[in-house]
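Structure first, commentary second.
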Ligand code: ADP
Ligand code: MG
């Protein structure tokens, strides 16, 4: 069985002051294997974050199922033990670490508290050595460990968020636009770090991004979401070299890289607009 099995996931937002409802996620099915990095790509508003939030239990689904590590995430978790286990299995990294990091806590303390809350370490001594190990894992120095988030750069703050996610030894890390706010060079460093962590462990990623160029650097497999529906999925290289759906074609044509040609963008946009005119 796959680590993640999502089947016919469906979520509609009912608009109080509008006649039409928004089908944010439309009967979406996919799976993620243990140790696999899967990219979820699509334009803004295509439903990426809604899927991510449902997997995390931050949002409910109207129908479908989402089983992670044998646990059906769409049924409520009863009891503290089960809730804690769920929280450990899937961890999330958001675009803006400022929203989730306590600005009064040093990096060390943030990690220490995460470990303690989940009783991950039997003694203080072991907690301290695990904190040191986590800092090292995300390439932050001892000195940076003593800093508060605002004393660090955006890239370093995202490293704290990654370290905190890893502290609980999750099976799946969901990263929602986790590098989108960073400069290209910092992006590359974080992506390299994530790839390294993946190589050294059996953690899986669901890496959400609107940017195909970023997904390409990290993910073995990609899912293409368009207006709530999965229109294409497969090996990332395959999706990039032989996109099938007009939206994926446009996405690929618009992503600069080797062989990028402006006239290809014009042609793809034309095909895409034709499709849209009939839908
Ligand atoms: P993405 O992450 O791909 O940009 P989202 O999942 O955030 O897309 O949003 C998908 C669609 O669902 C959008 O049309 C968005 O406006 C709508 N949506 C998301 N969350 C809510 C909500 N809480 N209430 C109403 N509509 C929402
Ligand atoms: Mg989003």
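Readers should treat all values here as calculations from the given coordinates under stated rules, not as data from a laboratory. Keep in mind it's a predicted model, so treat the numbers as computed, not measured. Ideal geometry is used to build each Cβ from the backbone, glycine not excepted, and the neighbour counts take in all protein chains shown.
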Applying the gyration tensor rule to the Cα atoms of the stretch 1-149 (axes a ≥ b ≥ c; rounded if a/c under 1.5, else prolate if a/b exceeds b/c, else oblate), the class is prolate
With Cα coordinates, the longest principal axis of the chain makes an angle with the long axis of helix 262-277, in degrees rounded to 10, of 80 degrees
The extension gain from residue 118 to residue 87, computed as 0.36 nm times the residue separation minus the Cα-Cα distance, is 10.2 nm
The alpha-carbon pair-distance distribution computed for the chain, with 10 angstrom bins and whole-percent values, is 6, 27, 33, 23, 9, 2, 0
Full extension between residue 19 and residue 184 adds, at 0.36 nm per residue less the Cα distance, a length in nm of 55.3 nm
Mean projected area (nm²) from the convex hull of Cα positions in the stretch 5-45 is 3.8 nm²
Given 79-86, 33-40, the highest-first ranking by average Cβ count within 10 Å works out to 33-40, 79-86
One quarter of the C-alpha convex hull surface, i.e. the mean projected area of the stretch 173-279 in nm², amounts to 7.4 nm²
Which of 149, 243, 262 fluctuates most in a GNM of the chain (C-alpha springs under 10 Å)? That residue is 262
Longest principal axis of the chain (C-alpha) makes with the long axis of helix 80-89 (C-alpha) an angle, in degrees to the nearest 10, of 60 degrees
quick note, the chain, DSSP beta bridge pairs, % antiparallel (nearest 5) is 55 percent
Rg (one decimal) and Dmax (whole number) from the Cα set of the stretch 118-246, in Å, equal 16.9, 56
